[in-house]
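First up is the structure itself, then whatever we jot down about it.
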Amino acid sequence: MIELRQVGREFRVGDETVHALAEVDLQVPDGDYISVMGPSGSGKSTLLNVLGLLDRPSGGSYRLDGTETTGLAEEQRATLRRDRIGFVFQAFHLVPRLNAADNIALPMLLAGMPPRQREERLREVLESLALSDRAQHRPDQLSGGQRQRVAIGRAIIMRPGLLLADEPTGNLDEHSGQEVIGVLEQLNRDGITLMVVTHDPDIGGRAQRRIRMRDGRIEDDARS
Ligand code: ADP
Ligand code: MG
């Protein structure tokens with residue numbers, strides 16, 4: 001469960017202040033599937049970064065599963081992020097020198113998980129993402145859609161409750177994009193809370209709940 005109350009995020013650029021987020025109130029129950037749309041510069045990425053604990057609000061309250069996160073030390077935020085939140089980016093952000101399996105396994109390694117458990121989970125995730133036969137390939141040996149599936153694998157390997165995706169199909173052709181959205185939606189059906197930023201109205205329209213942003217504010221929040 002996510003609860004934002006009067007969240008703001010300001011950036012100082014020269015002698016100007018940009019209100020990337022302003023007075024944002026948002027509640028997200030577990031299991032929701034939300035799309036976030038809105039013009040470029042409206043605050044979509046800032047919202048996701050705040051929710052993903054990659055960025056800290058300038059003001060307001062952000063409770064994640066009951067924990068007020070805004071006052072936490074960076075180390076505690078990193079632990080929460082590792083255990084509760086998966087993040088998928090438009091540009092994949094894989095480690096180029098590591099193969100698909102090692103990219104996906106990286107968070108488990110950093111968390112100090114025992115090798116037996118790591119191998120088991122890795123096999124499961126590779127299989128569920130149809131990547132078993134690509135496990136030994138490096139990112140530059142994979143297609144865009146396969147790279148994004150590896151990035152999704154890395155995002156879910158710690159079994160987070162929340163999956164945030166910032167324009168996950170932005171660098172993909174139509175077919176790979178559909179495939180990636182299909183994978184994200186399957187994860188949501190399996191119980192993960194899913195939030196997808198997209199410019200594509202067809203993709204945005206698939207979500208049960210659709211948020212529109214404008215000038216750092218939530219302009220519309222519709223549920224079907
Ligand atoms: P969107 O993802 O909807 O395109 P962003 O959240 O990236 O929008 O940006 C919202 C506003 O905040 C924009 O005006 C952008 O220029 C500004 N902004 C975002 N990040 C920074 C930053 N690190 N420094 C200065 N301004 C920023
Ligand atoms: Mg953005």
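The values are calculated or read from the model by the stated rules, or taken from the named source; none is laboratory data. Keep in mind that what you see is a predicted model, and the values were worked out from it rather than measured. Neighbour counts run over all protein chains shown; Cβ positions are idealised from the backbone, glycine included.
For region 52-67, indicate whether the set of residues that are among the small types (Gly, Ala, Ser), within 16 Å of ligand 2 (Cβ to nearest atom) and either in contact (Cβ under 8 Å) with a residue 40 or more places away in the chain or under 23 Å from Arg210 (Cβ atoms) (or both) is non-empty.
Yes: region 52-67 contains one or more residues that are among the small types (Gly, Ala, Ser), within 16 Å of ligand 2 (Cβ to nearest atom) and either in contact (Cβ under 8 Å) with a residue 40 or more places away in the chain or under 23 Å from Arg210 (Cβ atoms) (or both).
Got at least one residue in region 40-53 being within 16 Å of ligand 1 (Cβ to nearest atom) and exposed (fewer than 15 other Cβ atoms within 10 Å of the Cβ)? Before you say what the answer is, go through the steps one by one.
From region 40-53, those within 16 Å of ligand 1 (Cβ to nearest atom) are 40-53; that's our starting set.
Filter once more, so that each one left must be exposed (fewer than 15 other Cβ atoms within 10 Å of the Cβ): 40-41.
Checked region 40-53: at least one residue is within 16 Å of ligand 1 (Cβ to nearest atom) and exposed (fewer than 15 other Cβ atoms within 10 Å of the Cβ).
Would it be correct to say that Val95 is more than 25 Å from Ile203 (Cβ to Cβ), away from ligand 2 (no atom under 16 Å from the Cβ) and either of a type in the set (S, T, N, Q) or out of contact with any Phe, Trp or Tyr (no Cβ under 7 Å at 6 or more places or on another chain) (or both)?
yes
Being modelled with pLDDT of 95 or more, away from ligand 2 (no atom under 16 Å from the Cβ), assigned to a strand (DSSP E or B) and within 19 Å of Pro160 (Cβ to Cβ) is the requirement here; does Leu184 meet it?
On the way: modelled with pLDDT of 95 or more: yes; away from ligand 2 (no atom under 16 Å from the Cβ): yes; assigned to a strand (DSSP E or B): no; within 19 Å of Pro160 (Cβ to Cβ): yes.
Here the answer is no, as Leu184 does not meet what is asked.
Could you give me the residue pairs with C-beta distances under 6 Å whose first residue belongs to region 34-48 and is closer than 18 Å to Glu23 by Cα, whose second residue is in a loop (DSSP other than H, G, I, E, B) wherever it lies, and which are 6+ apart or on separate chains?
Gly43/Gly216; Lys44/Gly38
Can you tell me how many residues within region 13-33 are away from ligand 2 (no atom under 16 Å from the Cβ), in contact (Cβ under 8 Å) with a residue 24 or more places away in the chain and aliphatic (A, V, I, L, M)?
3
Hey, among the residues in region 170-224 that are small (Gly, Ala, Ser) and surrounded by 21 or more Cβ atoms within 10 Å (Cβ to Cβ), which one's nearest to Arg5 (Cα to Cα)?
Gly216
Has region 71-89 got at least one residue that is among the aliphatic types (A, V, I, L, M), crowded, with 18+ Cβ neighbours inside 10 Å, in a strand (DSSP E or B) and in contact with a Pro (Cβ under 9 Å, 6 or more places away or on another chain)?
Checked against the condition, which is being among the aliphatic types (A, V, I, L, M), crowded, with 18+ Cβ neighbours inside 10 Å, in a strand (DSSP E or B) and in contact with a Pro (Cβ under 9 Å, 6 or more places away or on another chain), region 71-89 yields at least one hit.
I'd like to check something: does region 159-170 contain any residue that is out of contact with any strand residue (DSSP E or B) (no Cβ under 8 Å at 6 or more places or on another chain) and at positive phi?
Yes, that holds for at least one residue.
I'm checking my understanding of the structure. Among residues of region 1-39 that are farther than 19 Å from Ile203 by Cβ and of a type in the set (Asp, Glu), which one is farthest from ligand 1 (Cβ to nearest atom)?
Among residues in region 1-39 that are farther than 19 Å from Ile203 by Cβ and of a type in the set (Asp, Glu), the one farthest from ligand 1 (Cβ to nearest atom) is Asp30.
Here's the yes/no breakdown for (1) touching a Cys at 6+ places or on another chain (Cβ under 7 Å); (2) surrounded by 19 or more Cβ atoms within 10 Å (Cβ to Cβ); (3) among the charged types (D, E, K, R); (4) in a helix (DSSP H, G or I):
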position	(1), (2), (3), (4)
Phe92	no, yes, no, no
Asn103	no, yes, no, yes
Leu109	no, no, no, yes
Ile152	no, yes, no, yes
Leu164	no, yes, no, no
